Structure formats: structure tokens, C-alpha cells
Amino acid sequence: MDPDFSPGGGGPSFEFAFNEVNFSDRELRIEVVPGDDDAPGSSGAGAGGGGLADWARHRKRRREELLKEKGDDGQGIDSSWTVVGTPVLRVKTIYISSAILAAKSPFFFKLFSNGMKESDQRHATLRITDSEETALMELLSFMYSGKLTTTEPTLLLDILMAADKFEVVSCMRYCSQLLTSLPMTTESALLYLDLPCSISMAAAVQPLTDAAKDFLAIKYKDLTKFQDEVMNIPLAGIEAILSSNDLQVASEDTIYDFLLRWARSQYPKPEERREILSSRLLPLVRFSHMTCRKLRKVLTCTDIDHEQATKCVTEALLYKADAPHRQRALAADAVTCRKFAERAYKYRPLKVVEFDRPYPQCIAYLDLKREECSRLFPSGRIYSQAFHLAGQGFFLSAHCNMEQQSTFYCFGLFLGMQEKGSMSVTVDYEFAARTRPSGEFVSKYKGNYTFTGGKAVGYRNLFAIPWQTFMADDSLFFIDGMLHLRAELTIKQP
């Protein structure tokens with residue numbers, strides 16, 4: 001008879017030969033011993049019962065334990081895999097084909113060919129815990145047929161663990177595919193990110209861990225909305241969420257503040273906290289898009305190694321001073337994008353230059369992408385990050401407005417002061433935009449205004465043209481797809 005093709009196993013099916021004496025050359029003796037999962041209140045012995053939380057609590061093994069079971073040097077094979085003297089609960093004997101098992105598993109290949117007593121006898125012995133029995137039988141069946149009889153998540157996880165233990169990569173891959181196709185929850189996603197698979201097998205479950213990362217990044221896209229919930233998510237989940245470019249936050253300052261709070265909550269010991277921040281968390285922060293005000297606080301943070309903080313801040317300042325085309329190249333490069341790509345910030349980053357003399361003065365540069373401007377129509381707004389002058393907070397906002405004296409829409413730019421009591425500040429201001437062919441900023445409007453808390457000043461029609469003309473004329477307003485705006489503020493104190 002011709003063997004059937006098996007999609008799961010990636011080759012022909014030998015299902016007809018499983019546990020059949022006429023197609024086998026050996027006997028596999030499976031000794032079942034008590035395991036940790038047999039304690040009172042456990043989720044059951046290998047039946048896949050209970051939820052994922054039960055599975056994680058009773059079944060998950062540390063990576064170090066698995067490596068110890070497989071041998072520190074990765075060479076010798078202890079087919080009993082248990083402590084001598086552990087009582088045997090029951091014994092199950094099945095007929096096997098050493099050629100089929102050896103073809104699917106390096107473990108069984110070594111077991112039958114490395115000169116151990118099992119390699120020249122008609123029987124081999126495996127000793128497993130009670131909770132592994134169902135998973136092992138499913139695994140052995142898979143090695144013949146290339147398919148499983150279950151889609152139950154906890155049992156699939158048990159089979160995945162058994163496949164990792166006995167080095168059956170095709171089954172690990174198949175379990176990963178099935179788990180990826182099932183509905184995911186925060187609980188399951190975090191569990192998939194924490195599977196103790198050996199390093200050599202990690203590629204087989206990469207699609208599952210990638211799907212788990214994507215799920216968490218999408219679910220917690222609006223970090224502000226879920227901030228309390230995310231505070232209880234473990235490290236692997238935090239890394240998945242904060243690696244996303246689509247994360248919606250007010251600014252990168254928010255990310256930095258959140259990570260400090262999370263690290264202080266999860267790692268109360270200062271030494272451990274500094275290590276986690278240094279090696280795992282700070283690489284997730286895009287310092288180049290933080291405000292200079294917050295970068296100064298980074299340098300004085302006692303939870304961060306000073307040398308590392310100095311390096312991060314210096315790199316961020318060099319990026320801010322770089323030419324726009326160089327910034328875009330760094331953000332688009334596959335190697336550097338994790339450091340320099342912008343997220344979906346609710347407030348647009350600014351480049352700010354401050355002066356103390358002869359008057360308190362600052363120049364704020366706001367760059368808007370063409371697609372961002374397009375999304376403003378017909379009544380949208382974009383707000384910038386806050387910037388400070390003489391201790392007072394200001395911001396810029398771009399609007400699509402209806403021109404008051406006519407019926408057409410236009411592009412507006414406004415300067416606002418953050419609300420802080422009844423304090424008033426008188427500011428000389430000037431708005432400018434970079435236009436071609438000169439590439440220099442051209443002044444559009446200037447004036448003098450006395451701000452009080454919450455007040456704003458600006459121009460509903462910055463370019464004195466209809467919206468359609470503004471958006472259509474790329475050669476005039478959009479340089480390399482960007483609109484470059486500048487606001488200059490000066491406080492002339494008496």
C-alpha cells in the first residue's frame with residue numbers, strides 16, 4: 001500500500017504502522033511515575049484539563065530543568081529521565097519502528113544508534129511523569145501520522161513541551177500553527193512568550209511567539225487607556241507592547257515615565273531594577289523623540305547607570321540636530337528604526353532651540369507629514385508636544401478651518417499656553433514656513449500677544465490660500481513629503 005501524504009508531519013503518513021507488531025522492530029516500555037502535577041488540586045494527569053492558568057502553574061518547566069534532563073553537555077542520553085528510586089505507577093508497552101522515530105527525532109536517533117544498551121536491544125525504556133503520558137502518546141502517534149487528535153489549548157501545550165523534550169521539530173511547528181489559529185487572550189499570549197523551549201528549537205515556535213507579540217501590541221495599543229492593567233503584565237509582555245511603532249501615547253516622555261513606574265513596582269531591589277532597565281527596558285525607549293526637558297531628568301535618574309544615560313541622551317541630541325533627510329533615513333533603516341522611528345504620538349515631537357540672552361527666547365520647529373495634513377480635513381487638529389519659555393509651557397497646533405470671511409477651508413497654525421492659574425505672559429511671536437526653491441524659512445505672520453492660562457493666538461489661514469490649493473501644490477509647501485513650520489517666541493522683560 002502507498003502511505004498517505006501527511007501535511008502536519010511534512011511527509012508520508014505511516015499511521016497504519018503505529019503500535020502494530022508486524023511493522024515494528026522494537027518495543028518501547030513507558031514507565032509512568034508521579035509528577036508535581038499529581039499534588040492535590042492539580043489540573044489532572046496529562047488530560048489537558050483546566051485552564052491555561054492551571055497549565056502554567058502545574059505544567060510549565062524551567063529552561064534549566066529541561067537542559068539538565070537532556071544532559072549538560074548535550075551528548076549523553078538518560079532514557080529514564082527521572083530520579084532513581086521513584087516509584088512506578090504503571091507501565092505501558094507499545095510497538096515502534098526505530099527507523100520512523102529516528103527519522104523524526106534526533107533524540108530517538110541517538111537512542112538507537114549511539115552504543116547505549118537500548119541501541120542493540122529489542123526494547124527501549126522511557127520514564128515520564130503522569131502528566132506527560134497523554135502528550136507523549138499524541139506525540140508518538142504524530143511521528144507516524146503527522147496529525148493530532150486534539151485542538152484543546154492546554155493539551156496542545158503539553159504536546160509542544162513533549163515535542164521539545166524529545167526533539168520532534170515537526171510536531172513543535174504543527175502545535176505552534178494550531179495554537180496560532182486559535183483565539184488568543186492576554187493570558188495565553190503571555191504564556192506563549194514564556195514557553196521554556198530549548199534554544200535550538202526556538203525557530204519552530206517563532207510564528208506563535210510573533211503572533212502573541214502582535215496580539216499584545218494591538219490590544220494595548222492605547223497605553224494610556226490600559227495603563228493600570230499593563231502595570232501588572234510581566235517583562236516579556238512589556239517588551240512586546242513597547243516594541244510597537246503603532247503604540248498610541250501622548251509622547252515618548254510618557255513611555256519613559258511608565259517604564260520607571262513599572263520597573264520600580266516589579267523590581268523593588270535597586271540592583272535588580274537597574275539591571276533590568278539597562279539590559280531590557282531602556283533599549284525600548286526612543287530617546288530621540290523625548291523632550292529636552294525630560295532628557296535632562298534622564299541624566300539625573302538614580303535608577304539608570306549614569307554612563308548609559310549619558311550615551312542615550314547624547315545620541316538623542318545628535319539625532320535632533322541632524323538634517324531632516326538623515327533623520328528619515330535612520331527611521332527607515334531596518335537596523336536603526338527601533339531607536340529612531342516615531343510612534344503614533346498624540347502630540348507631535350518638536351525640535352526646540354532655547355536662548356537666555358539678551359532676552360528669553362526659543363525657536364520651535366514642527367514638521368508635519370503630508371498624510372498628517374491630509375487627515376486634518378475638514379475639521380481636524382494636530383497638537384505638538386509642550387515646550388517651555390521662561391518657565392512657562394507652550395504648544396503649537398495645526399488646524400483645518402473654515403475661513404471666516406468666505407466659504408473655503410484653509411490651513412491654520414496656532415500658539416497656545418498651557419493652563420496654569422491666572423498668570424499672564426506677553427510674548428513676541430513669529431510664524432514661518434520653509435518653501436522651495438530657496439529651502440529657507442519664510443516669515444508668514446508676526447505679532448505680540450499677552451497670554452493667560454489656556455489662551456491661544458494664531459492664524460486661521462496661514463498661507464492665505466484655500467485648503468485644496470495648499471494640499472495640491474507639493475512643490476511649494478511639502479519638501480520631501482514634509483511641511484516644515486517654525487515658531488519663534490521672545491519675552492522682552494522690562
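Just so it is clear, none of the values below were taken in a lab; they were calculated from the coordinates. What you see is a predicted model, and the numbers here were worked out from it, not measured in a lab. Note that each Cβ is placed from the backbone with ideal geometry, even for glycine, and that neighbours are counted across all protein chains shown.
General remarks:
- Computed over neighbours whose Cβ is under 15 Å from that of Leu216, the net charge equals -4, Lys and Arg +1, Asp and Glu -1.
- Local electrostatic count, Lys492, Cβ distance below 14 Å [Lys/Arg +1, Asp/Glu -1]: -2
- Annotation for region 333-396: GluC sites (Glu not before Pro) lying in DSSP loop with at most 14 further Cβ atoms inside 10 Å of their Cβ do not exist.
- Calculated P(r) of region 216-296 - Cα pairs past 21 Å, %: 23 percent
- Once the chain from Ala332 to Thr426 is taken as fully extended at 0.36 nm per residue, the excess over their C-alpha distance is 29.7 nm.
- Within the same chain, lysines fewer than 8 places from Lys311 are excluded, and of the rest, those with a Cα less than 20 Å from its Cα are Lys294, Lys297, Lys320, Lys339, Lys351.
- Long-range HN-HN contacts of Phe14 with modeled amide H, under 5 Å: Ser145
- √(5λ) per eigenvalue of the Cα gyration tensor, region 256-359, largest first, Å: 25, 18, 12
- Projecting label points 7 angstrom from Cα along Cα→Cβ for Arg436 and Arg261 puts them 4.5 nm apart.
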